[in-house]
Every structure is written in structure tokens, then in C-alpha cells.
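Q: Here you go, one structure.
Read-outs: derived from the displayed coordinates by stated rules, not from any lab. This is a predicted model, so every value here is computed, not measured. Because the Cβ atoms are built from the backbone with ideal geometry, glycine has one as well, and the counts that use them run over all protein chains shown.
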Amino acid sequence: MTPFEFLLPYSLEEALSLLDPEDPNVRPVGGGTAVMLMMKAGVLRPTRLISLQRIGEQHARVEKRPDGSLLIGGMARLADIEANATVRAGWPLLAQALRGVANPRVRAVATIGGNLGHADPHMDMPPVMAALGATVVITGPNGQREVAADALCTGYYETVVRRDELITELHVPPQAGPGAYLKLTTRAAHDWPALGLAVVLGLQGERVTSASILTGAATDVPTRLRNAQSILMQRGVSAPVLREAAEAAVAEAPLVADAHGSAAYKRQLLRVALPRAVQSAVQRARSAP
Ligand SMILES: Cc1cc2nc3c(=O)[nH]c(=O)nc-3n(C[C@H](O)[C@H](O)[C@H](O)COP(=O)(O)OP(=O)(O)OC[C@H]3O[C@@H](n4cnc5c(N)ncnc54)[C@H](O)[C@@H]3O)c2cc1C
């Protein structure tokens, strides 16, 4: 292994000053679960790793803001977000989806900033955060900027976060209505998804007032299924409408082949997943107290 620096800054400012906009081998480390795998695989040979461990506590708050939205610090651990009572009560989709990410050992150390910053297309959180309408707060040498979670991932392992910036917060608006995250895996249930589908519906009786549907894992970046959303909003959630929405989703999603299956297989998964995810969300609304 090539020697590298491992630095543990005491403040966000210090961490930012140690990043290098020019060098892809200088990396921040949250939980290190993805960084370590990349190093073991030889795809990352860092010259400097900047651990966010010491500053984690100041940037790991998970709490409701006065405007009703949820604040999640960029260094909050996945297990802490999942266990948070405010999240479970107000953002059940997030808690449900987090329970299926990797395994408890990974969730105990992995951070939400690392999860979103990694941008492996198979991650569960990016489509969920986008379906919830979350905003990602990115901090760099010139201050903060905000990016919609929808626009965070730009390609295969690529995000809009620059090399001298860090994901420091997420703001998640109140969950608009019932939601569901369906993760279809080809091996164990906690495996990486072959296809992930996040759904949040606004419902007034049988009427769909809003629909937010994103697929991940089977596409290079989380993809909003706009035509499927429109069909639900115009025509409701009856079985024939769901079949039509699923066909629209299959037609509009740029599904790709990978180690988890061919594009044709992913099309079939999406065809099955969309009605199931929507029905599961509707069911949650009906069984709510
Ligand atoms: C066995 C195993 C199974 C897994 N299964 C799943 C799964 O089913 N679903 C799933 O979604 N994920 C899965 N994962 C991936 C896991 O969720 C990620 O490894 C984890 O979320 C990354 O978080 P981290 O804090 O450890 O990131 P790190 O490894 O620390 O960093 C990952 C990347 O993000 C960058 N980064 C870190 N922090 C920040 C920040 N604050 N701002 C900007 N960039 C940052 C790093 O430089 C690096 O490029 C699995 C991982 C393992 C090891």
C-alpha cells in the first residue's frame, strides 16, 4: 500500500482547508465504509484522508426545525437517523428505507454525507431523499450552497459536490403523505438493490394530489418517473391505472444492465415494483390511526 496522510481536524473550517480541489486522491472520510472498500479494491489510492470523526458530533444533529422540516447533520450516522423518534414519527419513509440499508454494523458507522457523497448508483438513500424533496447543504471555502437531492447525483459515482466541499446538512420537508421504499435484491434481503423504488403520495380520499416517484440502482443516477407520476395524479390508483403507470415508468426510465441483472430483467422488476410500492403506500394511509 502506498503511504498516505490520515488527518483528524478539529473543526469544519480546518477540514475544508485540508481538502484539495485539484487532487482526486485527497478525500474526506465519514464512516469509511465505502472508502475502505475502494482502497481494498485498488480503485482509490489516497494521498490524504481527512477524517470527519472529531467534528462529527457538531454536525450530526437530527431534529425538527421551526419550519417543520427535518434537519440532518451531514455526519449523522445512518443508525442514529433510523432510531430517531422524530424521524420515525414524521418521516416514516426514511426510517423504513434506512432499516434496509446494508446491515446494522455498516449503519452504525456510515454517515449520511458519505452515503450521498459516494454516489454509487446502487445506494438506497439518494432516491429516497429525492422522493422526499430533500435539500442538500454543501459547504465549501466560499460558504454554503443548497442543491435539491434530485440534482445531487450527476453520473456514475459523480455528484455536484466539488473536491473542496463537504455535505454538511440535509433539510427534509414534512413527508407529503404516505410513502414506501421497495428494494428488490437478487441475493440476501440486505444486499445492494437490483432496483430501488421510492414513492411518496399526497392523498385526499381516492384522489392523488401529489406523487413523487424515483427509481435508483437500475439507472446510473436516481431517476424521477414523471410520466408515471402524472398518470397517478390524473387517474388515481386503481389496478388498471397502476399497470399503465408501470408501463409508462418502464418506457421512461433509462434502465441499465449490471451485475444484478440485464436491462430486460430490470424492466420486469420495475413493472412489478411500481404497483406494489404505490399499493403499499396507499395501504399505509388506510391503516393509519
Ligand atoms: C457490506 C456492505 C453492504 C452495503 N450495502 C448497501 C446497501 O444495501 N444499500 C446502500 O445504500 N448502501 C450499501 N452499502 C454502502 C454504504 O451505505 C456506504 O458505504 C456508506 O453509506 C457510506 O458512508 P460512509 O460515511 O462510510 O462513507 P465514506 O466511506 O466515509 O465515504 C464515501 C465517499 O463519500 C465521501 N464523503 C464522506 N463524507 C462526505 C461528506 N460529508 N461530504 C461529501 N463527501 C463525503 C468520501 O470521500 C467518499 O468518496 C454497503 C456497504 C457495505 C460495506
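Q: Provide the descending list of Cα extents for the chain along its principal axes, expressed in whole angstroms.
A: 59, 45, 33
Q: Here's something else I'd like to know. Need the full-extension length gain, GLU158 to MET233, defined as separation in residues times 0.36 nm minus the C-alpha distance. One decimal, nm.
A: Going from the current span to full extension adds 23.8 nm.
Q: Can I ask one more? Test of understanding: what is the full-extension gain from GLN204 to GLU57, defined as 0.36 nm times their sequence separation minus their Cα-Cα distance? Don't skip to the answer; put the middle values down first.
A: Details: separation 147, 0.36 × 147 = 52.92 nm, distance 4.06 nm.
Length gained between GLN204 and GLU57: 48.9 nm.
Q: For the chain, with the dipole built from +1 on Lys and Arg beta-carbon atoms and -1 on Asp and Glu ones, taken about the Cα centre, which of VAL35, LEU195, PRO173 lies farthest toward the positive end?
A: With unit charges placed on the Cβ atoms, the residue in question is LEU195.
Q: On a full-extension model of 0.36 nm per residue, what is the gain between ARG271 and ALA259, subtracting their alpha-carbon distance, rounded to one decimal in nm? Provide the component values of the computation, followed by the final result.
A: Values: separation 12, 0.36 × 12 = 4.32 nm, distance 1.97 nm.
Once the chain is fully extended between ARG271 and ALA259, it gains 2.4 nm.
Q: Tell me, what ³J(HN,Hα) does each residue in region 14-31 have, in order and in whole Hz, if you take phi through Karplus 6.51 cos²θ - 1.76 cosθ + 1.60 with θ = phi - 60° and put x for Gly and Pro?
A: Per residue, the Karplus-derived 3J(HN,Hα) values read 5, 4, 5, 5, 8, 6, 10, x, 9, 10, x, 8, 9, 9, x, 10, x, x Hz.
Q: Place a +1 charge on the Cβ of each Lys and Arg in region 56-172 and a -1 charge on the Cβ of each Asp and Glu, then give the dipole magnitude about the Cα centre in debye, rounded to the nearest 20.
A: On the way: 11 positive and 13 negative charges, 57 e Å.
I would put it at about 280 debye.
Q: Which cross-chain or sequence-distant (5 or more) residues have an amide H under 5 Å from the amide H of VAL208, H modelled 1.01 Å from N in plane?
A: Hits under the 5 Å cutoff: GLY236.
Q: In degrees, nearest 10, range 0 to 90: what is the angle between the Cα axis of helix 239-252 and the longest Cα principal axis of the chain?
A: Roughly 40 degrees, rounded to the nearest 10.
Q: Check each of the trypsin sites (Lys or Arg not before Pro) in region 14-88 and keep only those in coil by DSSP with at most 10 other C-beta atoms within 10 angstrom; list them in order.
A: On the way: sites: LYS40, ARG48, ARG54, ARG61, LYS64, ARG77, ARG88; in loops: ARG54, ARG61.
Loop-located and lightly packed - none at all.
Q: Could you tell me the extents of region 179-287's C-alpha atoms along the three principal axes, largest first, rounded to whole Å?
A: Projected onto its principal axes, the Cα set of region 179-287 covers 41, 27, 22 Å.
Q: Okay, next question. For the chain, take the longest principal axis of its alpha carbons; what is the angle in degrees between that and the long axis of helix 263-287, to the nearest 10 within 0 to 90?
A: With rounding to tens, the tilt is 80 degrees.
Q: Tell me which residues come under 5 Å, amide H to amide H, from THR159 once H is placed; ignore anything under 5 positions away on its chain.
A: THR154
Q: Suppose only helical runs count, i.e. DSSP H with n ≥ 4. What mean residue ellipticity at 222 nm does that imply for the chain under -39500 (n - 2.57) per run, divided by all residues and rounded to the nearest 500 deg cm²/dmol? Intermediate values should be presented prior to the final figure.
A: Working: 11 runs with 105 residues, N = 289.
Helix contribution divided over all residues of the chain: -10500 deg cm²/dmol.
Q: What's the exposure ranking of GLU169, GLU5, going from fewest to most Cβ atoms within 10 Å? Before the final figure, lay out each step's value.
A: On the way: GLU169 21, GLU5 11.
Arranged by neighbour count, lowest to highest, GLU169, GLU5 become GLU5, GLU169.
Q: Give the distance, in whole Å, between the Cα centre of region 18-37 and the Cα centre of region 141-159.
A: Each part reduced to its Cα centre gives a spacing of 16 Å.
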